[in-house]
Amino acid sequence: MKLTLNEDTIRACRTDAKTIVDDLITMIDKHSTVSVERTILRLLGIDGVNDFDIPFVNVLVDHINDHADLSKGVSHYLAAAVKDTKLSPQAIAEKINASTLSLKPYQDVETDMAVLMPYIESTLEAINKQKATRQTFMQSRQTDQPEKYVIVATGNIYEDIEQAKSAAKKGADIIAVIRTTGQSLLDYVPYGATTEGFGGTYATQENFRLMREALDAVSKEEGRYIKLVNYASGLCMPEIAAMGAIERLDMMLNDSLYGIIFRDINMKRTLIDQYFSRVISAYADITINTGEDNYLTTSDAFDHAHTVLASQFINEQFAASAHMKESLMGLGHAYEIDPDMENSFLYELAQAALSKHIFPRAPLKYMPPTKHMTGDIFKGTIQNALFNIAAVSTNQSIHLLGMLTEAIHTPFMSDRALALDNATYIYKAFKDFGADIEFKEDGLMNTRAQDVLSNAKALLDTISEEGLFTTLEKGRFAEISRSPHLGKGLDGVFEKAPSYKNPVIDVLIKQLKEGDTWL
Amino acid sequence: MALIRPYGDTLNDGKIQLSFTLPLPCDALGEETAKAFAHKMGIENVSVVHSEALSEGYSYYIVYGTLTHQVDPTSLTVTEVETTAMSKEAIEAYIDTHFDRDLVFIGASTGTDAHTVGIDAIMNMKGYSGHYGLERYKHIKAINLGSQVDNETLLSEALKHQADVILISQTVTQKDVHIQNLTAFIELLEAENVRDDFIVIIGGARINHALAKELGYDAGFGPKKFAFDVASFAVLALHEKKKVN
Ligand code: B12
């Protein structure tokens, strides 16, 4: 099932998107954030919290901010302190927490990043080991596309594990643990196993480990690798990417704009943070899931379909600038047209085929109906079935299964099981449907796809002229307007001093470049 | 007395369907347990029409049966917003004749809640489902603070703008997070001695008027309610309040 589209328009969209992103790279390069600095510390091996549950990485960054000059970067201070005290970064963090050491005296010394290399290398070695383990697991995996993705969100990691195991046994390929409401605005990552969350479960490194361990056990039993997903988003975006790399998460929700639009996080903060987090995920072979599908929850899905496509182009370029391979770019889109609209299924099919046509090598993340789901769970099952047909026929990669109770609660175990059964049935029934039919060139669907593409092109033209900040200010995405001077987390953004260093990102990019395979 | 039972295909046949999960393996004992639950609910002729394993220790059941309980609907009372809804134009005219100034409505989606579509549906120009939002009403000044607004901020903004009406939207209800947050706001108003200075209205997909009253609010609105419903209630309540003072 192939659309006839103007390939020149598609190329022009990519060129526009690249202009839009290139325009921001200088800003990103010039700045760092408190979360980027905390990420560096995590990758230097610092872990744990103090008696007040404050992570040591926060204690350290706050210490430097209060007593010295953070614009030189944490690496400057750590390199000097490690050389001088012969202590590990972890031991240094603990001493600073106990106020038995100050980093102030190192503010103006000459430093050499070489002393930090053994710590960086040891973390990278651990990440590489995880990559190798994943690869071994994946060899035994059948590659039937699409992959069935379900969420667990009980608030309690141990309950989540029960739900995840059950879903895996019912055929789920991918399990996402949704985060508790409010976590995205915390400027620290909570610690340890947690049992109390609302609408989701805290993302902590220990929760990651527990869930990965449980899923590894199921993977062995089932003879297929079950992937684990969490959210590298919010104010701690790159830190969570690092935790995911260390604990072998397989996918991360990670969008360049979502936090700005839907969480009112400052745009500079988000753009700087997403860059580092994508470099880490690219290195760790973690597939990202972008979030433009969400625009259709506040805007009409038919009228604003092109905003999703435009945003996919932008997310693609942001990922490419972070040296990410196409095969890790899970660009998002969704089945959200009002079911009362005539021919809604045809338009959905056209949109899904359009994304697939334009991003053929990206593992597209296809979201189910959510906004127009109601308390009528029986109708909901049909809405989900239509969505499943679109997903299978257009061969989407990451297939987020819709829940019949979407409008009511976060999924029960049985909701998930029914969704998995529904999808399994439709995969079978529609297996070769997509390969067997063709779009009429002047038909409703092909025309719709062309329209969406040319509207996306027009929007990308506008954005490349006005700049992304202005676009966000004008509320062109999701009809939500944000100012570059406002938003959460702006106080954590700072300009780098001329001597600033981030030795971790330098190593990651060097190694990624050696194996660079993008386009 | 007008006792009734659920309807299948014959009046008062009591036919009812249920589905649920048990923390048991899917076997004869699981099925028997499912039936026992149905019996305890007053269901007879229980038939487990479908059972399925969800995982080793969990099983899912679909059950049909005959409900023995009877209910007399005429003996029940409903907590509903009692004022009749007026049109946008009628509300504008009402404000014009009954108040000597414009009315200020301030609203937000509060606590950790990031959902804005509900409060926007009520407050923003565009409205929802073809019904304009409060922003478009003559004589109403609508201030929408957006989402993830904490209770203290909402109150201080309400005081700053000398609001007449406070609107709160709550969408996430898992583990009763909305109840905690809504209770905290009423306590805050009482602690600051300003509860009677405002008409305070809540809304959201899982909110209803009965819950609102129980929590100490003036009114609550759920799905399929629009700006004119809310504004009708609010202007009448404000006028009532003015008469009392
Ligand atoms: C859109 C949406 C989102 C969007 C929100 C975008 C935005 N800017 O608002 C995004 C993607 C951001 C989102 C995020 C999340 N969501 Co959400 N979301 C939805 C969805 C699909 C639709 C909600 C909606 O917009 N409805 C349309 C509006 C118009 O309806 P409404 O809110 O009921 O409003 C009407 C009335 O209730 C009333 N009303 C509403 N407010 C008020 C206020 C007043 C004063 C008055 C008078 C009336 C009134 O008037 C409106 C018009 O009639 C629902 C599922 C569904 N189909 O319902 C899930 C849902 C609400 N989300 C849910 C969850 C859990 C989340 C997350 C917490 C997930 C997570 N862990 O990350 C996050 C939120 C994080 C946070 N900090 O809050 C759950 C809530 C479960 C529960 N009962 O607790 C739902 C039910 C989905 C699910 N099954 O899991 N979500």
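Let me understand the protein assembly as shown better: what is its radius of gyration from the alpha carbons, and its Dmax, in angstrom?
27.8, 91
Sort out the exposed loop trypsin sites (Lys or Arg not before Pro) in chain A (DSSP loop, at most 12 other Cβ within 10 Å) and tell me the longest stretch that has none.
A:87-360
Report, to the nearest 10°, how far helix B:177-191 tilts away from the longest principal axis of the Cα atoms in chain B, using its own Cα long axis and a range of 0 to 90°.
Once rounded, the angle reads 30 degrees.
Inverting the mean 1/r over all pairs of different Cα atoms, compute the Kirkwood radius of region A:35-120 and quote it in Å.
Answer for region A:35-120: a Kirkwood hydrodynamic radius of 12.5 Å.
For helix A:413-429, what angle does its Cα long axis make with the longest principal axis of chain A, in degrees from 0 to 90 and rounded to 10?
Orientation of helix A:413-429: about 50 degrees from the principal axis.
What stretch of chain B, leaving out the sites themselves, is the longest with no GluC sites (Glu not before Pro) in a DSSP loop having at most 13 other Cβ atoms within 10 Å?
Here the longest run is B:83-191.
Using a loss threshold of 50 Å², tell me which positions in region A:184-201 are less accessible in the complex than in their chain alone. Probe radius 1.4 Å, ligands and nucleic acids ignored.
Listed by number, the residues meeting the 50 Å² cut-off are A:Phe198.
Quick one: net charge around A:Leu490, please, counting Lys, Arg +1 and Asp, Glu -1 for every other residue with C-beta under 15 Å from its C-beta.
Net local charge, A:Leu490 excluded: -1.
Could you list, in their original order, any pairs among A:Lys268/A:Lys513; A:Lys365/B:Lys175; A:Lys18/A:Lys457 whose Cα atoms are separated by more than 21 Å?
In this structure, A:Lys268/A:Lys513; A:Lys365/B:Lys175 lie more than 21 Å apart at Cα.
How big is region A:143-445 by the Kirkwood estimate over distinct Cα pairs, in Å?
For region A:143-445, inverting the mean 1/r across all distinct Cα pairs yields 19.3 Å.
In region B:139-168, what residues drop by 40 Å² or more of accessible area when the other protein chains are put back, versus the chain on its own? Use 1.4 Å, and skip ligands and nucleic acids.
B:Gln148
Report, ordered by chain and residue number, the lysines lying within cross-link reach of A:Lys170, taken as a straight Cα distance under 18 Å and ignoring same-chain residues fewer than 8 apart.
A:Lys148, A:Lys220, A:Lys227, A:Lys428
How big a patch of accessible area, both sides summed and in Å² to the nearest 100, lies buried between A and B at a 1.4 Å probe?
Answer for the A-B pair: about 2000 Å² buried.
What percent do you get for the relative contact order of chain A when only Cα pairs under 8 Å and 6+ apart count?
20
In Å², what does the accessible area per residue of region B:1-76 work out to with a 1.4 Å probe?
For region B:1-76, the solvent-accessible area averages 61 Å² per residue.
Would you be so kind as to identify which of A:Leu253, A:Ser281, A:Leu271 lies farthest towards the positive end of the dipole of region A:243-282, taking Lys and Arg as +1 and Asp and Glu as -1 on Cβ and the Cα centre as origin?
Result: A:Leu271.
Within region B:171-187, what residues put their amide N at less than 17 Å from the label point 7 Å along the Cα-to-Cβ vector of B:Ser156?
B:185, by backbone N distance to the label point.
Could you tell me which of A:Tyr335, A:Phe433, A:Met138 has its Cα farthest along the dipole of the protein assembly as shown towards the positive end, charges placed at Cβ (Lys, Arg +1; Asp, Glu -1), taken about the Cα centre?
A:Met138
For labels at A:Ala429 and A:Asp451 in the simple 7 Å Cα→Cβ model, what's the distance in nm?
Placing both labels 7 Å along Cα→Cβ, they lie 2.9 nm apart.
Could you state the orientation-averaged shadow area of the convex hull built on the Cα atoms of region B:1-76, in nm² to one decimal?
Directional mean of the projected Cα hull area for region B:1-76 stands at 5.6 nm².
Assuming 1.306 mPa s and 10 °C, estimate D for region B:86-245 with Stokes-Einstein, Rh taken as the Kirkwood radius over Cα pairs, in µm²/s.
103
Please work out the ratio of the alpha-carbon Rg of region A:121-239 to 2.2 N^0.38 Å and round it to two decimals.
Scaled against compact globular proteins, the figure is 1.08.
Kindly report the accessible area of region A:143-445 per residue (heavy atoms of protein chains, probe 1.4 Å, no ligands, DNA or RNA), in Å².
30
Can you give me the relative contact order of region B:79-147 as a percent, contacts being Cα pairs under 8 Å and 6 or more apart?
34
Cross-link partners among lysines for B:Lys224, C-alpha distance below 21 Å, same-chain residues fewer than 8 apart left out?
A:Lys371, A:Lys379, B:Lys88, B:Lys126, B:Lys213
Taking the Cα-to-Cβ direction at B:Asp197 and at A:Gln90 and moving 7 Å from each Cα, how far apart do the two end points lie in nm?
5.4
Assuming R0 = 22 Å, what is the FRET efficiency of A:Thr100 and A:Asp53, from their Cβ-Cβ distance, to the nearest 0.05?
0.60
Over region A:203-362, what is the relative contact order in whole percent, taking alpha-carbon pairs under 8 Å and six or more residues apart?
Averaging sequence separation for qualifying contacts and normalising by length gives 18 percent for region A:203-362.
List the lysines whose Cα lies under 16 Å from the Cα of A:Lys440, skipping any in the same chain that are fewer than 8 positions away.
Within reach: A:Lys2.
Quick check: pseudo-label points 7 Å beyond the Cα along Cα→Cβ at A:Tyr158 and B:His39, how many nm apart are they?
Distance between label points: 3.3 nm.
The values are calculated or read from the model by the stated rules, or taken from the named source; none is laboratory data. A quick note: this is a predicted structure, and the numbers were derived from the prediction, not measured. Here Cβ is always computed from backbone atoms with ideal geometry, including for glycine, and neighbour counts include all displayed protein chains. Only protein heavy atoms, including side chains, enter the accessible area calculation; ligands, DNA and RNA are left aside. Shrake-Rupley method; radii C 1.70, N 1.55, O 1.52, S 1.80 Å.
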